[in-house]
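Okay, so here's the structure we're looking at.
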Amino acid sequence: MNEAAILLTLAGVHFVALMSPGPDFALVVQNATRHGRQTGLYIALGLSFGIFVQSLLSITGVSYLVHQHPVMFAVLQFIGGGYLLYLGYGALKATIGNLMRPHKAEPLATKPSAELSNRRQAFSRGFATNILNPKALVFFVSLMSTLVPASMPTSGKALAVIILWGLSLFWFSLLAWTLSTNKLQQSLSAMGVYIDGLCGLIFTVIGIYILHASLLSFFH
């Protein structure tokens, strides 16, 4: 397989993975619908830079070493699972609070969250959600080791990292932009609390699963 075919295959597999529901997808949906376009776009930027770092570490072999070291990988699982559980707890707590205080539906972005009103905070949350997800580390190690041969020139490997980052930025930004249009915001205004709850449930379930895997690693 020549270099162009490898890069095209890599891009296709990655783009399909990006569209699959998971913590990254849920984070964009939750924040773009609840807090508006700016927050959604900075979340997207943070996620894409997390993927850039994941790709770079994987293609240089650093992530493979972490994955092959049981204690290091278990610690990463514990931190990542705990962070996702923290996000899930916050979203579910807000959902329960809103359900107990019924109020008239408002456009979702009219009351931006103080927690995510800062661009740096939004970027950091996106970056942390991706970089601390051990499932992402395993995915990129598998992707790079399977599709990118060790003999590929450095220029080709650099292009592979840029393609993965560019596709990530494009997809998450497109998702954030679409979900924060005025027409869609009005349609989703009555569903905001349920969107928070669903995203919180996704974070919680994945966080518990990763924490469970981490504890199993420690005790075996």
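The values are calculated or read from the model by the stated rules, or taken from the named source; none is laboratory data. The structure displayed is predicted, hence computed values, not measured ones. FYI the Cβ positions are ideal-geometry reconstructions off the backbone, even for glycines, and counts take in every protein chain you see. Only protein heavy atoms, including side chains, enter the accessible area calculation; ligands, DNA and RNA are left aside. Shrake-Rupley method; radii C 1.70, N 1.55, O 1.52, S 1.80 Å.
Could you tell me whether region 1-90 comes out rounded, prolate or oblate from its Cα gyration tensor? Rule is a ≥ b ≥ c as square roots of the eigenvalues, rounded for a/c under 1.5, then prolate if a/b exceeds b/c, otherwise oblate. Oblate.
Ordered from largest to smallest accessible area (heavy atoms of protein chains, 1.4 Å probe), the residues 64, 83 come out as 64, 83.
Net charge of the neighbourhood of residue 204, taken over other residues with C-beta under 14 Å away and scored Lys/Arg +1, Asp/Glu -1, is 0. Taking 23, 134, 153 in turn, the Gaussian network model of the chain (Cα-Cα springs below 10 Å) assigns the largest fluctuation to 153. Residues whose amide H comes within less than 5 Å of that of residue 61, counting only those at least five positions distant or on another chain, are absent (H built at 1.01 Å from N in the peptide plane).
In sequence order, region 195-205 has phi-based couplings of 5, 4, x, 5, 5, x, 5, 4, 4, 5, 4 Hz under the Karplus curve 6.51 cos²θ - 1.76 cosθ + 1.60, θ = phi - 60°, and Gly or Pro positions carry x.
What residue among 15, 49, 78 shows peak mean-square fluctuation when the chain is described by a Gaussian network model with Cα springs under 10 Å? With Cα springs under 10 Å in the chain, the top fluctuation among 15, 49, 78 is at 15. The shape of the chain comes out oblate: with a ≥ b ≥ c from the C-alpha gyration tensor, a/c is at least 1.5 while a/b does not beat b/c. Ranking of 135, 183 by solvent-accessible surface, largest first: 183, 135 (1.4 Å probe, protein heavy atoms only, all chains present). Which of the listed residues, 216, 22, 98, is farthest toward the dipole's positive end in the chain, when Lys, Arg count +1 and Asp, Glu count -1 at the beta-carbon? Checking the options against the dipole of the chain, the answer is 98. Across region 49-66, coupling constants 3J(HN,Hα) worked out from phi with the 6.51/-1.76/1.60 Karplus curve, θ = phi - 60°, read 6, x, 5, 4, 5, 4, 5, 5, 5, 6, 6, 8, x, 5, 5, 4, 4, 5 Hz, and Gly and Pro carry x. For the chain, the dipole from Cβ point charges (+1 on Lys and Arg, -1 on Asp and Glu) about the Cα centre works out to 560 debye, to the nearest 20. Accessible surface of residue 139, taken over heavy atoms with a 1.4 Å probe and every protein chain present, rounds to 70 Å². Among 210, 131, 79, the order of accessible area from largest down is 79, 131, 210, computed with a 1.4 Å probe on protein heavy atoms.
For residue 169, the solvent-accessible surface with a 1.4 Å probe is about 40 Å², rounded to the nearest 10.
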